[in-house]
Every structure is written in structure tokens, then in C-alpha cells.
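Novice: One structure, as C-alpha cells, below. Some questions next.
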Amino acid sequence: MIRSLGDESEDLPRPLRLHVFVGRRGRYLCTLLPNLERAQDGPDAFREAHREPKMQRARARAVRLIVSSLFLFFLAAWGHADSQEVYRLPELPVSAYRLPTSLGSATGFTETLSALAVEDRHATTLGNLLDGLTGLRVSHYGPFGALETVQSFGLNSGHTALFLDGVPLNSPQNGLADLSLQSGLELERVELASGGLSALYGSDAAGAVILLTSRPLCGTSVGVAGEAGSFGSYGLRLSAEAVGSLGGLGLSAERLVAQNDYPYRYPRFGNRPVPPEIQRVEHVRQNADADRVLWSLRWSPPRSWGAWSLRLNGGSREIGVPGAATGAPPAPDAPGARQFDQEAALSMSGRQAVGAVEIRPSGYLRRLRMRYRDPRIGVDSEHRLFGGAFRTELRIPTPTGALLVGEELERWSVESTELSPSDRTRVALFVLLRSELVRRGFRLVVEPALRWDRSSDFGAAWSPRVGLSWGLSSLGGFLQASRSFKAPSFNDLYWRPGGNPLLRPERAIVLEGGFRWTVRGLQGEAAFRRVRLHDQIRWLPDATGTWWASNLDRAEVSGWLLRLEWRSGRFGAVLRGARLRAVQRSGPFAGRLAPFAPNWTASGELSGSWGRFRLFLMGRATGEMPIRPDGRETLGGYFVLDAGARLPWENGAFSGTVQLTVRNLFDREYEVVPQYPMPGRSWELTLSGRWEKTPSSSTEKGEDPHGSSES
């Protein structure tokens, strides 16, 4: 017997009904069901709908095993530490907040990846490098070559700003950064700063800011690396560096090719409807091949000329676009869709001291080209973008810290077969004051900031921010409140038809507070964050079926972030987790969960060295997430484990490495994006060699002998 509480015709704010099931033995069971029709079918339908699949139970056991192992690992580290040691917050330098600071005094949740951690991940794309960082979710539309975007804390990808050596990677056409266009193999450092940082970086920084720093030029050397792997992948990388009286010069080039004809089956997780006749049938992904070429040229003058650097880099990519996997057989002899991308960027940065004031000019020019062809539907579109920016900062010391003032000028133009010809000019002024007070071991940092942006196509935007951090020995905390914005993209403004030149910027109010600590070799950081979004841009159809962009939506995201890290000599472990709730606050589905925001994410890493041999393990888990605004369909969670082993060798001036990386070690069937299945177990074998001239004493100390400057 089923008793339903409440009138069936009642318009509830959420698609939930409370049902009471009376079993044969008189036991009562109360539950909240998202689907009323299933409940009305009776107790048997209820039990069937909530029966946990076998693979889902196995995934849950694997996650519990990883978490338990990491907890025991941290507990063992705690027990082996010296009880007489004095613990202090980490002093690792951080540059994500513009003015120099340390990780222990940062005014927001911050995470870094060192050169060793970057090398362990062996990421051929930025998506593989960033996947698993606290609060981040990388949307993979397939293996190498396919589109990759990154979300932060449940916000869409347009609210995460990425910078490579000071050059923004987000495209002004759609506001996104395609992570598969860049390699993560030549990076030395990654910084992730969460929270609303538009006061420091302008648009797209409401969710997070990610800074990527390339390896510095450290001497005269020549390197070569070859790679081969699953699904017809192979690649070659060449590099050369020279340091002399005219400074340092570095050249690198790489090519990576993959066929990506991998088999797959549709996962059984979540309630997304999949036809039973194709659910467990093995398919082969077709027209998913990729061919990417990257190159880079860097020059750093000698230090006597000043601290300057010049970089010219670019690349091209050709990929097949298989589209969504619906289970329908491909049309015979029909050519698939293809996409062609080209990119080139010229950037410079430097610093010059004038008395006590430090002047930091920087700028870049960037050219993008994308062409998409699909003969099956008669589409042949091309987009060309050209733009650049120039930025000047003045860093003025104060009795308690430093003052930063600056300006930024940016201009972009677009020519496209799908957009009206247009351009954008933006001017920004900003100021940041950092004050630090230290009394009897207690440290207090106050960071107020204000930025004004004026754009030719959407008007002005003010972005204030106030950040606080405090610390006493091994315990500290931080608090920040800010207002950020996201500029409408060229697609939102000028797409034909549907673009709306009257769009306003998306606004976000961000509140964040947390603690960090260091006890017996264990470093931890935990934070609670709430983001309120206003004037979200949404595309909706009109009566004629034409889609139009407008500022309609409001949403709210809240939750917590956690990171635990332990390092001791050649061994280390990291545990990350995020729990969030993204709710729609406007429209017909107000009060329901926002789509494409998983309710939780977690990752763990274990690494260790035995002699020269090094082993690395990383597991990533993601909870269930809705994929429709009405919440009727969800995409199930997944757990994936990657493993890597590396063995370096050295013989005089020659050195090299043999590295094996296995992804999806347990051969899981999963999807990160609906109807875009990911491959099963795959491997990559890399052989690299390097000849290096004996470094000078300055290089041995870790200094930059040619005077390169930070981004």
C-alpha cells in the first residue's frame, strides 16, 4: 500500500514527494523520491529504482579503500614525526594575488603543483594536468585531441581564467579555454587561486584563477623524447637551449598524433535513459583522430640589460569531431566532421627598478583561427580573432607592505562566417594594497583591492575585493569577500541569428572563509564558499524556434573545500575533496539543482621514490550530477585510477628517463560529458634523452643566469 502525502496537483517548488511504504511485516519506510511516477508503481518499482548496481558498489568500495589508505598514511606520518619540532605555516611563494606572498599568508584557498608533481602526471594536455585539483572538474569530450574545458566549484567554464606565462588562454569568442590545445609537459609550476578575483584579473575570474609557468632556461642543453601508446598514439619532442653573453635562448617543438579508435560501452550509472538494445553492446569510436603540433621560442636578455623575457609560441591542431554517441549506426561512406585550429602568440614581460618603485610592463599579441566543416549537414564555418593587451604595474613599498597600481588596455577583433564583424576595446584601472602586521608571532594580512573595467560593447564594471589572513605558528585562517564579473562573449553578442548586443555582464558575489594548519608534517587547508550569480546569460528559443541570448538566470553555489598534504623526503600523499550544492534561483526550475554541477568531487595521490625509481598513483572520483534543468536526468559518478612509473638514468653530461603511464587502470566505463564515452585502460611509454653542458655555479644554486622574469 502507498500513501502519498500532499495533493498530487500541488505545484511544489522541487520535484520531490514524500511517500510512505508499508511492508508486509508492518514496517514503515519513508523516503524522498525525485520521480513520482515510479513511486506510484508500488514498492517493487521503488526497490528496483533504488537497487545499487554492482559496478557502482565496486566503485564505492574502491573510493572507501583509497580514502582509508590515505588516512592511514597520514596517521603513520603523524606518529613518526618528532614531537619536539616547531611547526609553522608553509612559506612557499605564491604569485596568484599579484603582490608576492606565501602560501601560509594567502587571503584565499590556494593550491600549487611543483615541478616534480607536474612531471609525475606526464600530462600531454592541460586537462590531464589540472584534473583532480581541489574544486576543479575537467570536462573531457574524449581522449587526446578532443575538447577539454575546466569548471571551478560548480560554476560554468567561463568563470575560470587561465594564464600561460601571463597570456590569457580564454578565447573572447566563447569565453572558454580549450585545454587540449596546450601541453602540460613543459611547465614548471601551477597555481590555483579560488574565489572571486576579478579585482585582480578582470573578467572570467569568479570561480578560480589558474597560473601556468613554463620551465626557465637554465643552461646549454639539447633534448629529445619519443612517445608511443594506446589507440595508435605516437609523438616526438625536440628542445634546445643555449646561454651566452646575449642571454638565454630556448627552442622547443613537438608533434603528437592519435587515431583514438577505441572501443566503448555505455555506462549503467545514473538515470539517463539509454536504449537497452545498445546499452551493453560494444561500439568503436570513429572519426576521433587528432594531430597536434606545438612550438615555442624564448629569449631572455642578460641580467645587465634588466629582467626581461620575450616569448613566441604557437601551434596547430586537426581533429575529427565524432559528435555525441547516440548508438545510431554511422551513415555509410559519409565523411565526418573536421575541425582545424591555429594559434600564435607573442608576449613580453619585464621589471625595472626606479628608486624604491618597481615598474612591471607586460603585453601580448595573439591570433586565433578555427574552421569547422561537416559535409553531412553542409556546414563550413570559419572564425578569425586577433587581439592583444598591454599592462603596466607600479609596485610601491609601504611601511607595512606594498601598494600596487596599474592600468590595462586590451583590444580584440573578430571575423567570422557566423558572427557580425565586430571588435572590442577595454580599458581597466586597478589598485591593490597589502598590509602586514606582525606582533609576537601573530601575523595579520589585509588586502583591499578595487578594479574598474570599461568595455566598448557592454559598459563599465566595478570589482571590489577585501581579503584577510592571519596566522599564529602552525595555525592560520583567511576570509575574503568580493564582487566579480564575466564579460559577454562575441558569440553571445553578435551570433547570427540570436546574438544580443544589449547583454550585461554576469555578476557574482563571492564569500569565502577557511583555516590552514601544519602539524607533524601534515599540511591542511579547509574552506567554505558561497557564490551568488546574477544576470546569467542563457539561450532560449522564441515562438519561431530561433534561439536568443538574454540575461535571465540567477543561481547560488555553496559548499566546502578540503586539502590534506604530507611530504617526507622521497614520499608524499595528497587528499582533496569538495562538496557543493548548486541551485537555480530563477526561471521555471527555481529551487532545483543546477545542471552539470556534481554534488561532490575527490582525488588522492600517493608518490614515492626508491633509489632512482619513482612511482605515482592518482585516483579521481566524482559524484552524480544532473544534466537537465528539470533534474529528471542525471549522469552517474565514476572512479578512475591512474598510475605512473619513472626510471631516470645519468652518464656524465647525458641523462634520460624511461616513463610508463597507465590511465584508467581498472578499465572503468564512464562519461564525463553525456554521450561522450571515455576510453578504457590506456598506456603511454616515453623515452627521453638530454645532453647538458656543465652548469655554472649560479645555476647549481637554482638561480636564473640569463635574467628571465616572472610572468
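The values are calculated or read from the model by the stated rules, or taken from the named source; none is laboratory data. If you're wondering where the values come from, they're calculated on a predicted model, not measured in any experiment. Here the Cβ is made from the backbone with ideal geometry for all residues, glycine too, and neighbour counts use every protein chain on show. We work out accessible area using only protein heavy atoms, side chains counted, and drop any ligands, DNA or RNA first. Shrake-Rupley method; radii C 1.70, N 1.55, O 1.52, S 1.80 Å.
Novice: Just the accessible area for residue 141, please: 1.4 Å probe, Å², rounded to the nearest 10?
Specialist: Around 70 Å² of this residue is reachable by solvent.
Novice: How high is the relative contact order of the range 335-436, given as a whole-number percent (alpha carbon pairs under 8 Å, six or more residues apart)?
Specialist: Here the relative contact order equals 22 percent.
Novice: Which of 508, 578, 463 sits closest to the plus end of the dipole of the range 440-578, meaning its Cα is farthest towards the positive end, when Lys and Arg get +1 and Asp and Glu get -1 on the C-beta?
Specialist: It is 578, whose Cα lies furthest towards the positive end.
Novice: Still on this structure, I have one more. Of 140, 283, which has the most accessible area with a 1.4 Å probe, and how do the rest follow in descending order?
Specialist: Result of the area sort, largest leading: 283, 140.
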